[in-house]
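Enquirer: First the structure, then my questions, so here it is.
The values are calculated or read from the model by the stated rules, or taken from the named source; none is laboratory data. Here the structure is a predicted model, which means the values were calculated and not measured. No Cβ is skipped: glycine too gets one built from the backbone with ideal geometry, and neighbour counts run over all protein chains shown. Heavy atoms of the whole protein, side chains included, go into the accessibility calculation; ligands, DNA and RNA do not. Shrake-Rupley method; radii C 1.70, N 1.55, O 1.52, S 1.80 Å.
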Amino acid sequence: MRPAPMEESPSADRDVEAPAPASQGLWTLVKQALHGTELDLTRLPIRRAIFLLAVPMVLEMLMESVFSVVDVFFVGRLGAEAVATVGLTESILVIIYAAGMGLSIGATAMVARRIGEKDAERAARTAVQAIGLGVVISLALAVAGIVFARPLLAALGGSPWVLEHGVGYTRVMMGGVVSILLLFLINAIFRGAGDAAIAMRVLGLANGINVLLAPCLIFGLGPFPEMGVVGAAWATTLGRSAGVLYQLFRLMQGNGRLQVRREHVALEPTTMLAMLRLSGAGMVQALVNTSSWVVLVRLVSSFGSTALAGYTIAMRILLFALLPAWGLGNAASTLLGQSMGAGDVERGQRAVWMAGRYNLFVLSSIGLVFFVFATPLLGAFTTDAAVVVSGARALRIFCLCFVSCAYGMVITSAFNGAGDTRTPTLIDLGCFWALELPLAWVLSRPLGMGEVGVFLAVPVAFAVMSVSSILLFRRGHWKTRVV
């Protein structure tokens, strides 16, 4: 898309726009999006607002995905069993991701609504309550994950090699769940406030550290010890922890839309309960969505480590490709929440449909490229020919998701931004638990299609999710939500 070529006016009213030369318009917007802006998103032209939010949000999602891609890229040199360790551990981490995404949904919705109402004080207090909840939940999950790492890997079908050599990776990753959850949560707070550029820079810092440390700790480069697959876990955890420290610094520094001061740090039961109501449904929604991948992993693992390794790499590539969809969905969520806070629901609704159209174009283009170049893409991650064949087959099937989920991913995010977490939760329950999982089992087992049957169930579920989201969004019950 090419947003309207406008730049910020030097006048006292920062929300009034003045035209810029056409040759400089797009570049000006890109710089503004990457640097961040204090413009009121509820008063900007919708295309420009989407652009200013979506660019840093897509880059933020890109950097979050790089964590997993970097791990698989380097760990892939250690063999299929090491890659399987990463895949199984990620399946365990879905509980942490569900908690982080659930709290993030509640935090984004409430902060966006307060910012739309021009109530920065309540927005800051809401952010503090969200962080407090995140710390308590993540500490409990970290302890449980460390203690039960081995039996969890065994339950997911881990091989003897994984149970002997890979459990250290799982324990380190589970010990670092505080950084995982807070990185999700505080970036969601920044997004809700409209400070998407800050969230992007946080992930840039965390990823930079991970990229530098991963090969050093995995292969023992220079003065670093050779830790194998466990080194990947330490690199990721240290990178994320550095990102959290930077997040807290930016919140306290207060040069964005949101500033947390000492007086904001206090327990507010009413706000916490309201957030728990929103986040509780959000956690269920995220858990339903992500736990379906756990069951799929278990089904695929029953067909051997080669199938599991191929599936793991293909899934990482798929998630990488879906980053624009998440970025546009988050932009729509923020704009809808802030528009509702400002009393302009119609504007927020237009932003959602516009973001959906952009997403359809982007994902269709990516899907075509990935379908054609599936084999060389898999070959970049592993030298195992059998893994390449299995993974390329999975990736080509997953490419069918790109068209079917374009509107659905944006609209489900928009429901959450409006504070209606119940509707997307029910959609996910129906599409991923009631449809995808039984279909995957039937196709792979009774019908004898093996891992291919598991792969085929994924685009079917996404297609139904998208159609359901469009129909329910048009009904408009989300407009009555009070946050």
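Enquirer: Report, in order of residue number, the helices in the chain meeting two criteria: a C-alpha extent of 30 Å or more along the helix axis, and a mean Kyte-Doolittle hydropathy of at least -0.5; treat each whole DSSP H run as one helix. Working shown, then result.
Expert: Details: long enough: 46-75 (43 Å, 1.71); 94-116 (32 Å, 1.29); 120-147 (41 Å, 1.49); 196-219 (35 Å, 1.80); 229-253 (37 Å, 0.72); 269-301 (45 Å, 1.05); 345-372 (41 Å, 0.78); 451-475 (38 Å, 1.60).
What comes out of the filter, once short or polar helices are dropped, is 46-75, 94-116, 120-147, 196-219, 229-253, 269-301, 345-372, 451-475.
Enquirer: Keeping every protein chain present and rolling a 1.4 Å probe, give me the accessible area per residue for segment 29-85 in Å².
Expert: Details: 1850 Å² over 57 residues.
Per-residue value: 33 Å².
Enquirer: With an 8 Å cut-off on Cα pairs and a minimum separation of 6 or more residues, tell me the relative contact order of segment 189-268 in percent. Intermediate results must be reported in sequence, preceding the final value.
Expert: Numbers: 82 pairs, mean separation 23.1, N = 80.
The normalised contact order for segment 189-268 reaches 29 percent.
Enquirer: Arg350 versus Lys118, label points 7 Å from Cα toward the beta carbon: distance in nm?
Expert: Computed distance between label sites Arg350 and Lys118 equals 2.1 nm.
Enquirer: Dipole size in debye (nearest 20) for segment 78-209 around its Cα centre, Lys and Arg Cβ +1, Asp and Glu Cβ -1? Can you show the working numbers first?
Expert: Numbers: 9 positive and 7 negative charges, 74 e Å.
In total the dipole reaches around 360 debye.
Enquirer: Would you please give the FRET efficiency between Thr383 and Thr270, computed as 1/(1 + (r/R0)^6) with r the Cβ-Cβ distance and R0 = 56 Å, to the nearest 0.05? Don't skip to the end; give the middle numbers.
Expert: Values: r = 57 Å, r/R0 = 1.02.
About 0.45, to the nearest 0.05.
Enquirer: Follow-up question, since we're still on this one. Order the peptides 212-224, 334-346 from the highest to the lowest mean number of other Cβ atoms within 10 Å of their residues.
Expert: On the way: 212-224: 16.2, 334-346: 23.1.
Result, highest mean first: 334-346, 212-224.
Enquirer: If Lys and Arg each add +1 and Asp and Glu each add -1, what is the summed charge of the other residues whose beta carbon sits under 13 Å from the beta carbon of Met252? Let's see the in-between values first.
Expert: Working: positive: Arg250, Arg261, Arg262; negative: Glu263.
Here the count lands on +2.
Enquirer: Name the trypsin sites (Lys or Arg not before Pro) in segment 295-378 that are in a loop by DSSP and that have at most 10 other C-beta atoms within 10 Å, would you?
Expert: Numbers: sites: Arg298, Arg316, Arg347, Arg350, Arg357; in loops: none.
Within segment 295-378, no trypsin sites (Lys or Arg not before Pro) qualify (loop, at most 10 other Cβ atoms within 10 Å).
Enquirer: On to the next question. Per the 1.4 Å probe, what fraction of the accessible area of the chain, in percent, lies on carbon and sulfur atoms?
Expert: Values: 12450 of 18250 Å².
Its accessible area is 68 percent carbon and sulfur atoms.
Enquirer: Okay, next question. Rounded to the nearest whole Å², what accessible area per residue is found for segment 347-483 with the 1.4 Å probe?
Expert: Dividing the accessible area of segment 347-483 by its residue count gives 42 Å².
Enquirer: Along the charge dipole of the chain, pointing to its positive end and built from +1/-1 on Cβ of Lys, Arg, Asp and Glu, which listed residue (Gly448, Phe373, Leu156) has its Cα farthest out?
Expert: So the residue we want is Gly448.
Enquirer: Among Ile92, Ala82, Ala130, flag the residue with its Cα farthest along the positive direction of the charge dipole of segment 80-145, charges on Cβ as +1 for Lys/Arg and -1 for Asp/Glu.
Expert: Value: Ala130.
Enquirer: Let me cross-check Arg77: its accessible surface, 1.4 Å probe, with only protein heavy atoms counted, in Å² to the nearest 10?
Expert: Roll a 1.4 Å probe over it and Arg77 shows about 130 Å².
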